[in-house]
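Down below is the structure, laid out as structure tokens.
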Amino acid sequence: MLYDGTFEGFLSTVFQIFEEKLTNVIIEKEALATETLFDRTETVVTDTQKAQRVWKGLAQRCSGEGRNNIYKAFLSEIFTIENTLLHFIQRTFSEGDIRKSKKIHTDFADPEILKISKVVKMVHREKHRMDAFVRFRLTKDGLYFATVSPDFNVLPLNAKHFKNRYADQKWLIYDTRRKYGIYYDLECVDYISLEVSNTINNASMATYYFTEDEQVFQELWQNYFKSTNIPSRKNLKLHVQHVPKRYWKYLSEKFPDLKK
């Protein structure tokens, strides 16, 4: 069964599987689906009401942690994760004892449940790294802007942290890999889809996008970072463990010095 890749689309697919009592089903994102000669495929139309019914049903039969695990694991975008989650959901609804159904997420003897737990830990780790490593820059139109490219689709999990931390500033965090961002307008956080030029992170183009004060601040921050970096105590291996290299391109202290 094919769906549009959204969480609501996934839940709509789950609803249809239960409604039609389907078995031996494989769920795939429509954009990633591969054609087969013998398997019948069906594209599910996302239905918000049906998705809400599934989610509310899970709220009654699944613990809060269990539901969070479903959502976080889905955000991992790992290949076939939808089918692993379907297994979890089917077990939850088929368990007659609600007290037991609320503990299924801890049944690590089930390899699919164990897989979900491991995936959730990876997503949780990536979420906290984004909380720590996002660096905003002030654009000429007064918007604090940052780009990220996380391994997992964690921006929905980051929204609350940044809304609380930067409640008095308008900001936009843009996921360059997934081509969408979260935008805060001093009142609420919205999801926006847009195309951002690759030159936005080009140091030589900084004067085009960002304010002069911002560039001065970036230079001060780089100088501070250099002054606190004691050569005799440098431990690159330990540094990379705490700040993996794949995040360096988004950190102000790692930007190239154009004055050299």
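A few points about this structure:
- Residue list for region 154-166, restricted to those being closer than 18 Å to His124 by Cβ and either surrounded by 19 or more Cβ atoms within 10 Å (Cβ to Cβ) or among the hydroxyl-bearing types (Ser, Thr, Tyr) (or both): Val154, Leu155, Leu157, Asn158, Phe162
- Any hit, region 116-131, residues being more than 27 Å from Lys163 (Cβ to Cβ) and not aliphatic (A, V, I, L, M): yes
- Boolean, Ile81 is surrounded by fewer than 20 Cβ atoms within 10 Å (Cβ to Cβ) and not hydroxyl-bearing (Ser, Thr, Tyr): yes
- Screening the candidates Lys50, Lys100 for the property of being part of a helix (DSSP H, G or I), of a type outside the set (A, V, I, L, M) and modelled with pLDDT under 95 yields one hit, Lys100.
- Of all residues making up region 1-37, the number that are farther than 20 Å from Ala73 by Cβ and among the hydroxyl-bearing types (Ser, Thr, Tyr): 3
- Residues being under 24 Å from Val196 (Cα atoms), β-branched (Val, Ile, Thr) and surrounded by 15 or more Cβ atoms within 10 Å (Cβ to Cβ) are represented in region 127-138 by at least one member.
- Per this entry, Asn68 is counted among residues that are farther than 14 Å from Val14 by Cα and either modelled with pLDDT of 95 or more or assigned to a helix (DSSP H, G or I) (or both).
- Flag for Tyr166 being without any contact (Cβ under 8 Å) to a residue 40 or more places away in the chain, farther than 26 Å from Phe74 by Cα and among the hydroxyl-bearing types (Ser, Thr, Tyr): yes
- Residue within region 108-118 that is touching a Ser or Thr at 6+ places or on another chain (Cβ under 6 Å), assigned to a helix (DSSP H, G or I) and among the acidic types (Asp, Glu) present: yes
- Pro156 on the phi < 0 side of the Ramachandran plot and touching a helix residue (DSSP H, G or I) at 6+ places or on another chain (Cβ under 7 Å): yes
- Residue in region 132-149 that is touching a residue at least 40 places away in the same chain (Cβ under 8 Å) and under 18 Å from Cys62 (Cα atoms) present: no
- The set of residues in region 167-191 that are more than 23 Å from Met122 (Cα to Cα) and surrounded by 14 or more Cβ atoms within 10 Å (Cβ to Cβ) comprises Gln169, Lys170, Trp171, Leu172, Tyr183, Tyr184, Val189.
- Residue check, Lys121 at pLDDT 95 or above, farther than 28 Å from Glu30 by Cβ and either touching a helix residue (DSSP H, G or I) at 6+ places or on another chain (Cβ under 8 Å) or in a helix (DSSP H, G or I) (or both): yes
- Residue that is modelled with the lowest pLDDT [pool: residues in region 23-39 that are assigned to a loop (DSSP other than H, G, I, E, B) and either acidic (Asp, Glu) or more than 20 Å from Leu11 (Cα to Cα) (or both)]: Leu37
The values are calculated or read from the model by the stated rules, or taken from the named source; none is laboratory data. Worth saying up front: this structure is predicted, and the values here are computed from it rather than measured. Positions of Cβ are generated from backbone atoms using ideal geometry, with glycine treated the same way; all protein chains shown enter the neighbour counts.
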